[in-house]
Amino acid sequence: MERIKAFPFWRKQYLFHPRATSNVTLLKLYHPYNPIAKLNWWLWKYFNFYQKIVTIHIKKDSEVYQIIHSFMDANPEYIWAINRGTKSIYQKTTGIFILNKSSEDPYMDFFFKWGNSKLAIELIKNEIAVNSQLKKYSFAPKMIRFQMNENKAFI
């Protein structure tokens, strides 16, 4: 797997595929709130050198790596952005995967959520239940897959 661009680099909260910086949709995943964060975000978006100093490797045994890798195996043309969420008892990891414009299947873009705390698992279970009830409506998001047990939930 290629190296991962992280922002903000002091928390490694937002993770970006190396080609994500040219994709407006993926860059909308993060919205800085304070002036220092806005300045850092501007530098990160527009200066390749700034991105290079915050590039990291995710450990292969981490669950975030496993999620990314499973989708990269399905189609290496995916580019993605991941928000690891605010550290709390509700913390969830969310991500957007978008197929490269040159791909033959432009309709396989998707969003995921993953959580491993008790409250995050409950929240994701609730989302799965609501999405299951709404699946008959054309406007509802379609679940591609979901998994859950007492240790984690994934949609």
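Quick notes on this structure:
- Scanning the chain for chymotrypsin sites (Phe, Trp or Tyr not before Pro) that sit in a DSSP loop and have at most 14 other Cβ atoms within 10 Å, the longest stretch containing none of them is 48-89.
- Taking each of K60/K125; K12/K152; K87/K152; K87/K142; K5/K60; K38/K125 in turn, the alpha-carbon distance tops 23 angstrom for K60/K125; K87/K142; K38/K125.
- Separation of the stretch 1-40 from the stretch 113-155 is 25 Å, based on Cα centroids.
- Each Cα pair under 8 Å and six or more residues apart adds its separation to the average, and for the chain the resulting relative contact order is 17 percent.
- Burial ordering of D109, D61, fewest other beta-carbon atoms within 10 Å first: D61, D109
- The chain, dipole about Cα centre (Lys/Arg Cβ +1, Asp/Glu Cβ -1), debye to the nearest 20: 500
- Exposed loop sites here mean GluC sites (Glu not before Pro) with a DSSP loop assignment and at most 11 other beta-carbon atoms within 10 Å; the chain contains its longest site-free run at 3-103.
Laboratory data are not the source of any read-out in this text; all were calculated from the coordinates shown. It should be emphasised that the depicted structure is a prediction, and the values quoted were computed from it without experimental measurement. Cβ coordinates were reconstructed from backbone atoms using ideal geometry, including for glycine residues, and neighbour counts include every protein chain displayed.
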